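A short worksheet on the structure shown next.
We did not get these values from a lab; they are worked out from the coordinates using the rules stated. Because the structure is a prediction, the values reported are computed rather than measured. Every residue, glycine among them, receives a Cβ derived from its backbone with ideal geometry; neighbour counts consider all protein chains shown.
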Amino acid sequence: MNDPRTPAQLTPGICSVTLRAKSIDEVVRIAADAGLAGVEWGTDVHVSDSGSAARAKAATEEAGLTVLSLGSYYRAGDFGDFGRDLALAEATGAPRVRIWAGALGSQEAGEDHWAAVAADTRRVAGLAADRGITIAFEYHGNTLTDSPRHNA
């Protein structure tokens with residue numbers, strides 16, 4: 001495990017959702033022209049099925065960029081089907097899937113919600129690990145990661 005005192009290594013990239021109205025090829029061109037290293041492909045518009053996942057992977061690699069992650073809209077705590085997200089991550093070559101920490105803000109969530117999010121996160125992290133993929137939370141409003149403070 002990494003030493004938490006070691007500074008994080010950051011990779012300059014862009015989330016495709018920033019360019020929702022652009023095509024996969026346009027997102028890649030913009031990222032490459034900006035000198036970025038890679039793209040996080042979002043499942044809301046750009047990568048929604050196996051065909052778009054394959055296109056995103058090919059376009060990213062052809063431009064000399066890296067698929068950094070898959071931006072899913074999975075909400076830990078729902079105990080939903082995570083298979084689609086993992087299949088899309090594999091199809092794009094994404095080493096990680098970004099998920100949301102629950103459906104309530106940290107100030108509104110009770111112990112049961114915190115516990116459900118933790119349990120479901122362990123579940124999906126195990127499913128992902130079986131495929132060599134990691135999980136990451138998004139720092140996002142109305143989730144348990146909406147504040148850098150621990151509120152549980």
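Looking at region 14-47, which of its residues are under 13 Å from the mean Cα position of the chain (by Cα) and either buried (at least 17 other Cβ atoms within 10 Å of the Cβ) or not in a loop (DSSP other than H, G, I, E, B) (or both)?
First pass over region 14-47, keeping only residues under 13 Å from the mean Cα position of the chain (by Cα): 14-17, 39-44, 47.
Correct list: 14, 15, 16, 17, 39, 40, 41, 42, 43, 47.
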Open item on the list: So for region 59-75 (the condition being over 22 Å from residue 26 (Cβ atoms), touching a strand residue (DSSP E or B) at 6+ places or on another chain (Cβ under 9 Å) and of a type in the set (Lys, Arg)), does at least one residue qualify?
Closed with: yes
Task: Failed item, numbered, when residue 145 is tested on (1) of a type in the set (Val, Ile, Thr); (2) part of a loop (DSSP other than H, G, I, E, B); (3) more than 20 Å from residue 17 (Cβ to Cβ) - done: (3)
TODO: Can you confirm whether region 64-80 contains a residue that is more than 16 Å from the chain's Cα centre (by Cα) and farther than 28 Å from residue 118 by Cβ?
DONE: yes
Task: Residues located in region 109-120, provided they are exposed (fewer than 12 other Cβ atoms within 10 Å of the Cβ) and in a helix (DSSP H, G or I) - done: 111, 112
- [ ] Count, please, the residues in region 51-97 that happen to be in a helix (DSSP H, G or I) and among the β-branched types (Val, Ile, Thr).
- [x] 2
Open item on the list: Quick check on this structure: which one of 17, 39, 28 is β-branched (Val, Ile, Thr), touching a helix residue (DSSP H, G or I) at 6+ places or on another chain (Cβ under 8 Å) and under 27 Å from residue 146 (Cα atoms)?
Closed with: 39
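For residues that are within 20 Å of residue 90 (Cβ to Cβ) and either in a helix (DSSP H, G or I) or touching a Lys or Arg at 6+ places or on another chain (Cβ under 6 Å) (or both), tally how many sit in region 121-132.
In the first step, residues of region 121-132 are kept if they are within 20 Å of residue 90 (Cβ to Cβ); the result is 121, 123-132.
Those left that are additionally either in a helix (DSSP H, G or I) or touching a Lys or Arg at 6+ places or on another chain (Cβ under 6 Å) (or both): 121, 123-129.
Count: 8.
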Open item on the list: Looking only at region 25-54, count every residue that is closer than 15 Å to residue 68 by Cα and not polar (S, T, N, Q) and tell me the total.
Closed with: 16
